[in-house]
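Everything on this sheet refers to the single structure shown next.
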Amino acid sequence: MHSERTRVSYTLYHGTVVHTPSLGQLLIQPKMLIGVTQEGKIDYFSHYGEQEHALHKTPQAFFQWLCDQRGYGPPQPTSDRNRWEHYIPGRGNGGNDRSRRYGYDYVDFSKHPSKFLVPGFFDTHIHASQFPNAGLGSELPLLDWLEKYTFSLENRFRAPDGEELPSARKRRLQMANTIYSRVINRTLAAGTTTASYFATIDTDTTNVLADLAVQHGQRALVGKVCMDCNPTYPEYVEPDAEALVRGTVEVLEHCAGLNVSVQSLGGPKMVQGIVTPRFAPLCLGELMKRLGALASKYNAPVQTHISENKDEIKLVADLFPECSDYTGVYDDHGLLGALTILAHAVHLTKHECKKILQKNCSILHCPSLNTFLTSGTAPVKRYLYEDKINVALGTDISGGCDYSILSAMKELIMVLHHLKMDKGKDKQQLVDTAPDNGLVTVADALYMATMGGAVACDMGSELGSFEVNKWFDAQLIDVMSPDLNIDVFDFQEPALDDTDMVDKVRQLVHRWIFCGDDRNCVKVWCNGRQVVDKEDRWVYLG
Ligand code: GUN
Ligand code: FE
């Protein structure tokens, strides 16, 4: 269960921090001290070395002095052994200097020039149930891919219409448990501290996904997939809109119940239900209206797909001729609001962008999917800077083939290079008016992976960057991790007091994004609690 095994009373982190508090702003801050309370809240965030007293003190002594001055902070030094009852030597926070005598854990990575702390990633769009299919289907476009690969897999999670034997039910729940545990562990180990999941049409196993996210310590939005017409694959549908609404309420309430138990520690929700109409082609108007009303009643977030593929857009125009466009379909059915997150949005018109901005929705960009299923190239730079829409990143497993948000950042940047190269071939001239000719920078990509995700999930004031009163969802990146997937030579290593330290770290950040992978993510914390530690060769499995 939600273990306290790795939670210590207070932790002081010391080292280089890399984050993007605002769009386009890549902040590289060496020698930062970050104080994190037992609840996981950042209550101190400052540079070590500027203050006059720092010059004569170790970071720990300096911090203790600061706490004494201010009369706040971690517990005073004491011989009270009870304070350490949850402390496991050799695990804990894995710091190389655990200053017990100061009464808090001290994690110092400042002397390792290849290590830096980054906010935890947000994967704002991922189908947990489709994880076994990752890498399958690149030969098909969206609608055929759904029919050939996706519905049959999701249908495995579903109870049969008639009576289900207890042994069959047990096997089904066990399968869900195995697949969902795997996807949570994989994504956590790749730095995803918050995920917005599509599960399946099945309520019980959707609740299993929520339980597992809490157990493993990953923040999650969990959606039961709602669809009440599916002419191409009639085995996988729930034609009764009432049953879909009831199941969605069950998931919202199940998640709310789980949250009560974990939320005693404070902080943003660890798990919450999200209203999930799959997409307009598979939802009748009445269902969408009811789900929109439900989201308003519960003040719940909403996730769905939009404008991913041109055949899909045409289908929606045929099915809803009375609506202005795809965005208009969702708007007319009460599904667009500040808590609505719209996956893909590859082929939006200007009119749709205006509506999405006006409704304060976010777009979830999934570059792996767009390439894998040949869906198209979204003009992300224009959405961000000209249309002023918040855009976050998603992996979209398994329409996307890669569960890593680090890879999504790389794919995003690379794909937009193609958009620039293809400029002129595309009648829409998508890049013409976008800044930098449509290219997305490393700073933009990291923003979308962290802060943009937090804003999309309505957690922008609590997560997404490092700041006092935000919560500590973080990953420690080591560009020279033990597996040595990136070659850093002596002259490239940043040294603490070099004048070009920040520039060298900047280069390491770029090399991490373009040459790295999840081996470089060596520790992960969610709500201050450590959930992954590869340096100790240990991953928390719940
Ligand atoms: N549109 C409707 N369902 C899906 C899905 O499962 N994956 C993707 N990529 N698009 C969808
Ligand atoms: Fe999707």
May I ask for the angle, rounded to the nearest 10°, between helix 405-421 and the longest principal axis of the chain, with both axes built from Cα atoms and the value confined to 0 to 90°? 60 degrees
Cross-link partners among aspartates and glutamates for Lys534, C-alpha distance below 13 Å, same-chain residues fewer than 8 apart left out? Asp478, Asp483, Asp518
Quick one: ranking Lys148, Lys297 by accessible area, 1.4 Å probe, largest first, what do you get? Lys297, Lys148
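Using the Cα centre of the chain as the reference point, and only Cβ charges (+1 on K/R, -1 on D/E), how large is the resulting charge dipole? Debye, rounded to the nearest 20.
940 debye
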If every alpha-carbon in region 121-456 counts as one equal scatterer, what log10 I(q)/I(0) does Debye give at q = 0.12, 0.14, 0.15 1/Å? -0.78, -1.09, -1.28
Can you give me the accessible area per residue for the chain, using a 1.4 Å probe, in Å²? 38 Å²
Once you put a point 7 Å from the Cα of Ser152 and another 7 Å from the Cα of Ala243, both along the Cβ direction, what distance in nm separates them? 2.3 nm
Filtered GluC sites (Glu not before Pro), region 292-336: DSSP coil and at most 13 other beta carbons within 10 Å: Glu322
Test of understanding: what is the full-extension gain from Arg169 to Asn485, defined as 0.36 nm times their sequence separation minus their Cα-Cα distance? 109.4 nm
Taking θ as phi - 60°, what are the ³J(HN,Hα) couplings along region 181-195 by the Karplus curve (6.51, -1.76, 1.60), each to the nearest whole Hz, with x for Gly and Pro? 4, 5, 5, 5, 5, 4, 6, 4, 5, 9, x, 7, 8, 10, 10
Probe radius 1.4 Å, ligands and nucleic acids ignored: give me the carbon and sulfur share of the accessible area of the chain as a rounded percent. 51 percent
Amide H to amide H under 5 Å from Tyr197: which residues, 5+ apart in sequence or cross-chain, H placed 1.01 Å off N in plane? Leu221, Val222, Gly223
From phi via Karplus (6.51, -1.76, 1.60), per-residue ³J(HN,Hα) for region 362-379 in Hz, x at Gly/Pro: 10, 9, 10, 8, 10, x, 5, 4, 4, 7, 4, 9, 6, 7, x, 10, 7, x
Quick one: Debye curve from the alpha-carbon atoms of region 189-310 only, equal weights, vacuum; give me log10 I(q)/I(0) at q = 0.14, 0.15, 0.20, 0.23 Å⁻¹ to two decimals. -0.58, -0.66, -1.07, -1.30
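Could you work out the helix-only [θ] at 222 nm for the chain, with each DSSP H run of four or more residues adding -39,500 (n - 2.57) and the total divided by the number of residues, to the nearest 500 deg cm²/dmol?
Working: 15 runs with 173 residues, N = 542.
Mean residue ellipticity, 222 nm, calculated: -10000 deg cm²/dmol.
In whole percent, what relative contact order does the chain give with Cα contacts below 8 Å and a gap of six or more residues?
Details: 1167 pairs, mean separation 105.8, N = 542.
Worked out over the chain, it gives 20 percent.
The values are calculated or read from the model by the stated rules, or taken from the named source; none is laboratory data. Keep in mind it's a predicted model, so treat the numbers as computed, not measured. Please note: Cβ atoms are built from the backbone with ideal geometry, for glycine as well, and neighbour counts cover all protein chains shown. Accessible surface areas use protein heavy atoms only, side chains included; no ligands, DNA or RNA. Shrake-Rupley method; radii C 1.70, N 1.55, O 1.52, S 1.80 Å.
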